[in-house]
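Input: a single structure, listed below in structure tokens.
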Amino acid sequence: MAGHNDFEKKSSESTNDLPTFNAENLQSNLKVIYYSRTFMSIIAGVIAGILGFTSLKGFIFYFLVMGLTSVGLVAKTGFTIHKFFDSWNQIVLDGFFGGLMSFVLFWTFAYDIVHIF
């Protein structure tokens with residue numbers, strides 16, 4: 001992941017302590033989160049279908065996987081979220097429900113293949 005000062009030249013005259021973010025790096029980091037969550041949603045849906053989860057068990061499994069994904073993304077940043085993102089909400093909650101449709105699609109697909117046919 002790209003840090004917020006990777007492409008910025010620091011001036012020795014500047015005494016500004018406010019963090020500056022490079023828009024390209026921030027956008028790239030948000031894409032990484034989006035793609036990671038989508039990938040994990042698909043994998044979790046297939047696993048939930050193969051294991052035969054139905055109704056509430058499947059949705060609990062999805063939220064568990066998304067929670068673990070959030071922890072993994074925070075660990076990837078080295079637990080310094082504000083170096084790579086504006087706020088912790090972007091890494092923890094961004095795309096949390098966006099992958100739900102992919103999860104349900106692959107969950108039902110895998111369940112139908114394994115348990116119905």
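The values are calculated or read from the model by the stated rules, or taken from the named source; none is laboratory data. Worth saying up front: this structure is predicted, and the values here are computed from it rather than measured. Don't worry about glycine lacking a Cβ; one is built from the backbone with ideal geometry, like all the others, and counts go over all protein chains shown. Remember, those area values only see protein heavy atoms, side chains included, never the ligands or the DNA or RNA. Shrake-Rupley method; radii C 1.70, N 1.55, O 1.52, S 1.80 Å.
Please go through segment 50-60 and give me each residue that is free of Cβ contacts under 8 Å to residues at least 60 places away in the same chain and open to solvent by 40 Å² or more (accessible area, probe 1.4 Å), ordered by number.
Within segment 50-60, the first condition is being free of Cβ contacts under 8 Å to residues at least 60 places away in the same chain, and the residues that meet it are 51, 53-60.
Across segment 50-60, the qualifying residues are LEU51, PHE53, THR54, SER55, LEU56, LYS57, PHE59, ILE60.
Does at least one position in segment 86-101 carry a residue that is among the small types (Gly, Ala, Ser) and in a helix (DSSP H, G or I)? No, there is no match, as no residue in segment 86-101 is among the small types (Gly, Ala, Ser) and in a helix (DSSP H, G or I).
Of all the listed residues (SER36, SER41, SER11, SER55), the sole one being in contact with a Phe, Trp or Tyr (Cβ under 6 Å, 6 or more places away or on another chain) and either among the polar types (S, T, N, Q) or at pLDDT 95 or above (or both) is SER41.
Here is a yes/no grid of residues against (1) more than 20 Å from GLU24 (Cβ to Cβ); (2) more than 14 Å from the chain's Cα centre (by Cα); (3) open to solvent by 30 Å² or more (accessible area, probe 1.4 Å); (4) not hydrophobic (A, V, I, L, M, F, W, C):
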| position | (1), (2), (3), (4) |
| --- | --- |
| ALA75 | yes, no, yes, no |
| PHE79 | yes, yes, yes, no |
| ASP86 | no, yes, yes, yes |
| GLN90 | no, no, yes, yes |
| PHE97 | yes, no, yes, no |
| SER102 | yes, no, yes, yes |
| PHE106 | yes, yes, yes, no |
| PHE109 | yes, yes, yes, no |
